[in-house]
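The values are calculated or read from the model by the stated rules, or taken from the named source; none is laboratory data. These numbers come from a predicted model, not from an experiment. A quick note on method: Cβ atoms are made from the backbone with ideal geometry, for glycine too, and the neighbour counts reach across all protein chains shown.
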């Protein structure tokens, strides 16, 4: 079976998920899996749901009225993968074997780390497009953070808040929300610190553009994270060399290369 690829960037995963939903893969399930179980989970999806189908195989399945599935993976924490299984309409095993939600429905929106995938009609456009925005709870938490930072934050906290805001994924609705939050920032700053100059901020929040995502193969990721997770062993010979001294300086002991 082909090796699956893992996105290194959350923004890349969000962009690809929107791509699949836009072309009809609106049914989905998602979750997380630890390194030790990742290979078995991916093989299950490949074997049962045919997530590794190529473009021609998907085209033929669609002609027959069958559904297709795609699997997206992202390392959301060290040794942890977030997975998103996306399935199209039509007869498909995942419709019977998984509890799928529908991204088209307001109560079934695809949600990732405080962002939700929504349809939005841009100014000058007649049709809605798929984009990401902060969930209401996330946006309100940002409002509180901005106000508290203006009123009580030191220079470091102010810089951190601005830095985090301008590293929000640059999807259109996220950009709009960041603009509103920065307007709140300036208004609250003027009220709380009328004699202080407003801090420097970036000129724009960059758009998310179409780009070749940076990925790593699943097998390579498993091997790498297994090595990183192994405990570092102390070289016993180095301990013996310093054992006759009054105090053992563990800072001088080199880690074993085993």
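Table: residues versus (1) within 12 Å of the chain's Cα centre (by Cα); (2) at negative phi; (3) without any contact (Cβ under 8 Å) to a residue 60 or more places away in the chain.
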site: 77; (1), (2), (3): yes, yes, yes
site: 81; (1), (2), (3): yes, yes, no
site: 91; (1), (2), (3): no, yes, yes
site: 108; (1), (2), (3): no, yes, yes
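Of the residues making up the range 51-60, not a single one is touching a residue at least 40 places away in the same chain (Cβ under 8 Å) and outside any loop (DSSP other than H, G, I, E, B). If the condition is being within 17 Å of residue 218 (Cα to Cα) and within 24 Å of the chain's Cα centre (by Cα), then the range 36-49 contributes 36, 37, 38, 39, 40, 41, 42, 43, 44, 45, 46.
Is the range 30-43 home to any residue that is surrounded by fewer than 20 Cβ atoms within 10 Å (Cβ to Cβ), without any contact (Cβ under 8 Å) to a residue 24 or more places away in the chain and in contact with a helix residue (DSSP H, G or I) (Cβ under 9 Å, 6 or more places away or on another chain)? So far as the range 30-43 goes, yes, one or more of its residues are surrounded by fewer than 20 Cβ atoms within 10 Å (Cβ to Cβ), without any contact (Cβ under 8 Å) to a residue 24 or more places away in the chain and in contact with a helix residue (DSSP H, G or I) (Cβ under 9 Å, 6 or more places away or on another chain). Here residue 226 clears all of (1) exposed (fewer than 10 other Cβ atoms within 10 Å of the Cβ); (2) modelled with pLDDT of 55 or more except the condition numbered (1).
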